[in-house]
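**Student:** Input: one structure, supplied below.
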Amino acid sequence: MTDELPRTDAAVDAAGDVRPAAGQPLLRIEGVAKTFGSFRAVDGVSLDIKAGEFFALLGPSGCGKTTLLRMLAGFEAPDEGRILLGGKDIAQALPHERPINMMFQSYALFPHLSVRDNIAFGLKRAGMARADIATRVSEMVALVKLEGLEKRKPDQLSGGQRQRVALARALARRPQLLLLDEPLAALDKKLRESTQGELMELQRRLGMTFIIVTHDQEEAMTMASRIGVMKAGRLDQVASPRELYEAPRSRWIAEFVGDINLFDAEFKLRDGHRLVIGTRDAGTLVVAEPREALGETRFSVAIRPEKVKLSRRAPVSEAGRETAINRLDGVIADICYLGGTTIYKVKLDTGGMLQASVVNSARLDVDAYSLNQNVVAWFTPDDCVVLPS
Amino acid sequence: MRKVSRLSRFNIASLAFGLAFLYLPILILVIYSFNDSRLVTVWGGWSLRWYREFFNDRAMIEAAWMSLRVAVAAATIATLLGTLAAVALSRGERFRGRTLFSGMLYAPLVMPEVITGLSLLLLFVALNAERGFWTVTFAHTTLTMCFVAVVVQSRLGSLDRSLEEAAMDLGCNPVRAFVAVTLPLIAPAIVAGWMLAFTLSLDDLVIASFTTGPGSATLPIRIYSEVRLGVKPEINAICTLVIALIAVVIVIASLASKLSSSQGESAAPL
């Protein structure tokens, strides 16, 4: 492993651009749209990325996230809008004219070149001196821990090693912005988890700006400092992982990110900063007032399964009463044991189903619930999220 | 798997029969090319007499030289054009009439040679072109170009498109990306295409006889006209040499295409 890498190299930085310091705006996407035939793949996306950020574009397949990434790399030209990198509009620039590199989902390693020549490919094109190329390549090889494999061809490497070569090749030119298209999709679960950590470490150490495209919400949550959720060509919400999970902006995002209990609700009355609402499936609930006032009287209320507590009897103490304002009686209808947690599906007496995720904190769990057992499910008003339906 | 790999008696018999049917005539021809006798069907002991005869037969040597030159020129032009067509069809934008265009490119694969030959003859006559080396070469280019295009296009189709994109991402303009990445990966297919075009041109009789002129007969035409006057053992010697040449070319072509398919399939480790 090399220590801090030298960060000044005018030979590779396109036109000797001065890089914005961390936290300063680096990339601005303004109303970008792309249509293929009659299909609007990207429909007016605006987004600001700061230097040093690890940003994730998350969305189901076909939501336009890859098209957006390809427009940043220069493989597609946007039909509308501007892409500003350090203040310069690069929307129509060709891929080789941008100080941006991309790591491909298929890795796209050149099969006829060795690991070393793959990594050196972009440096040779940049007209770097031979000796400098050799130094940079060995730096990169050390960075991704591929020492000893420099002479191998891509088909003599394992999947994880190929992934590292692709990463080293994309990083070698020290781009202002690194794009990663589903970089871990081809790895198995264990390797994926360790690679996630390494990617984050690398990004922090190099102070580089990463934009990753993924359909795996856990991957996005783990790695990114900010996530943009895309749906049907539009950015639905841009937020930190925590905000996205705890304060989703729409019903769709609430359902897309993590598991959730959703009930259709109707406004009944206001009690200070709380709302009393009526639901068909879960009876009357008390919820915290949303930050933005809802114009309508009909909406959805969402509760994450791990916020739902279960007990055999209703809490008796005063404090217990306060936290258990929302108390729902029911029977255990389904048990799904996942090792660390157990998901209980509770059939409520009011008719609906409620999921509760309980941490298995003791090995010999005498407190575990069994099928058809009567339970009380409870949660606080603050655990409920009110969403437009 | 043992059951499958073990051949039953019936399989061995049918295999032997099939191979004999294919190769026995050729084997007899090769053996008789070393015959000392003046009569084709009578064995008179081993000798290289007819090979000497061939190398002293100026008309025959000229025809062979003509055939070689035509084959090299036609194969080279066809490889160039066929490769360009393959690249245009598999890499270009989806233009209108693309399917029609590729269908038209491949039509000569199934077109009866007589028709190709006749239509080319009519064209050359209409253009008032002097028939000889170049007319045969152009005719063979049209015949063999589609074969090259098929070979190269199948190779291009199996390549990961993002390889070229990666090259552009790493600083190549589109032309540079093609030369630095795609060309080395399809080179074996291009070589195989050239070899295929070469052998096709070398043994073509029909189109050559339509499009050639006086004094520029190719080897197959020469042999055919000799045989009509009666088979000389010398023909056996020439044919043996042609078979040897084509065998060598085909072995090289298949080695090249094997090399091509073992290397550089899409790098996705899925």
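The values are calculated or read from the model by the stated rules, or taken from the named source; none is laboratory data. These figures come from a predicted structure and were not determined experimentally. Positions of Cβ are generated from backbone atoms using ideal geometry, with glycine treated the same way; all protein chains shown enter the neighbour counts.
**Student:** Here is a check on your reading of the model: is A:LEU58 more than 22 Å from A:THR195 (Cβ to Cβ) and in the same structural domain as A:GLU193 (by TED's automatic domain parsing)?
**Tutor:** Considered against the rule, which asks whether it is more than 22 Å from A:THR195 (Cβ to Cβ) and in the same structural domain as A:GLU193 (by TED's automatic domain parsing), A:LEU58 comes out as no.
**Student:** Considering only region A:70-85, I want to know if a residue exists there that is among the small types (Gly, Ala, Ser), modelled with pLDDT under 90 and either in contact with a Phe, Trp or Tyr (Cβ under 7 Å, 6 or more places away or on another chain) or loosely packed, with under 14 Cβ neighbours inside 10 Å (or both).
**Tutor:** Taking every residue of region A:70-85 in turn, none turns out to be among the small types (Gly, Ala, Ser), modelled with pLDDT under 90 and either in contact with a Phe, Trp or Tyr (Cβ under 7 Å, 6 or more places away or on another chain) or loosely packed, with under 14 Cβ neighbours inside 10 Å (or both).
**Student:** Considering B:LEU143, B:LEU159, B:LEU185, B:LEU170, which residue is within 14 Å of another protein chain (Cβ to nearest Cβ), surrounded by 22 or more Cβ atoms within 10 Å (Cβ to Cβ) and touching a residue at least 24 places away in the same chain (Cβ under 8 Å)? Reasoning before the result, please.
**Tutor:** Numbers: B:LEU143 fails: within 14 Å of another protein chain (Cβ to nearest Cβ); B:LEU159 fails: surrounded by 22 or more Cβ atoms within 10 Å (Cβ to Cβ); B:LEU170 fails: touching a residue at least 24 places away in the same chain (Cβ under 8 Å).
Checking each option against the conditions leaves just B:LEU185.
**Student:** Determine whether region A:36-46 contains at least one residue that is among the polar types (S, T, N, Q), under 23 Å from A:GLY233 (Cβ atoms), at pLDDT below 90 and in a loop (DSSP other than H, G, I, E, B).
**Tutor:** There is at least one residue in region A:36-46 that is among the polar types (S, T, N, Q), under 23 Å from A:GLY233 (Cβ atoms), at pLDDT below 90 and in a loop (DSSP other than H, G, I, E, B).
**Student:** Whether any residue in region A:273-287 is assigned to a loop (DSSP other than H, G, I, E, B) and surrounded by 15 or more Cβ atoms within 10 Å (Cβ to Cβ) is what I want to check.
**Tutor:** Within region A:273-287, one or more residues are assigned to a loop (DSSP other than H, G, I, E, B) and surrounded by 15 or more Cβ atoms within 10 Å (Cβ to Cβ).
**Student:** Of B:ALA180, B:ALA187, B:ALA166, B:ALA197, which residue is touching a Cys at 6+ places or on another chain (Cβ under 8 Å), part of a helix (DSSP H, G or I) and not aromatic (Phe, Trp, Tyr)?
**Tutor:** Matching residue, one of B:ALA180, B:ALA187, B:ALA166, B:ALA197: B:ALA180.
**Student:** Another question about this same structure. Kindly provide the set of residues from region A:95-128 that are more than 7 Å from chain B (Cβ to nearest Cβ) and either within 18 Å of B:PHE178 (Cα to Cα) or β-branched (Val, Ile, Thr) (or both), ordered by number.
**Tutor:** If the condition is that a residue be more than 7 Å from chain B (Cβ to nearest Cβ) and either within 18 Å of B:PHE178 (Cα to Cα) or β-branched (Val, Ile, Thr) (or both), then A:GLU97, A:ILE100, A:LEU113, A:VAL115, A:ASP117, A:ASN118, A:ILE119, A:ALA120, A:LEU123, A:LYS124 are the ones that fit.
**Student:** So is A:LEU84 assigned to a strand (DSSP E or B), touching a Lys or Arg at 6+ places or on another chain (Cβ under 6 Å), over 21 Å from A:ASP216 (Cα atoms) and not charged (D, E, K, R) or not?
**Tutor:** In short, yes.
**Student:** Can you say whether A:GLU193 is part of a helix (DSSP H, G or I), in contact (Cβ under 8 Å) with a residue 40 or more places away in the chain and not hydroxyl-bearing (Ser, Thr, Tyr), as far as the supplied structure shows? Talk me through it step by step, then tell me what you get.
**Tutor:** Working: part of a helix (DSSP H, G or I): yes; in contact (Cβ under 8 Å) with a residue 40 or more places away in the chain: no; not hydroxyl-bearing (Ser, Thr, Tyr): yes.
No: the conditions fail for A:GLU193.
**Student:** Inspect region A:97-109 for any residue being more than 17 Å from A:LEU179 (Cα to Cα) and either in contact with a Lys or Arg (Cβ under 6 Å, 6 or more places away or on another chain) or charged (D, E, K, R) (or both) and give the result as yes or no.
**Tutor:** No - not one qualifying residue is present in region A:97-109.
**Student:** Taking region B:227-251 only, how many residues are touching a residue at least 60 places away in the same chain (Cβ under 8 Å) and either over 21 Å from B:ASP57 (Cα atoms) or of a type in the set (D, E, K, R) (or both)?
**Tutor:** The total comes to 2.
**Student:** Hey, another quick one. Report, by residue number, each residue of region A:47-60 that is outside any strand (DSSP E or B) and within 14 Å of the chain's Cα centre (by Cα).
**Tutor:** A:GLU53, A:GLY59, A:PRO60
**Student:** Considering only residues that are over 26 Å from A:LEU187 (Cα atoms), out of contact with any Ser or Thr (no Cβ under 9 Å at 6 or more places or on another chain) and either part of a loop (DSSP other than H, G, I, E, B) or in contact (Cβ under 8 Å) with a residue 12 or more places away in the chain (or both), which ones fall in region A:219-243?
**Tutor:** Hits for region A:219-243 are A:ALA232, A:ARG234, A:VAL238, A:ALA239.
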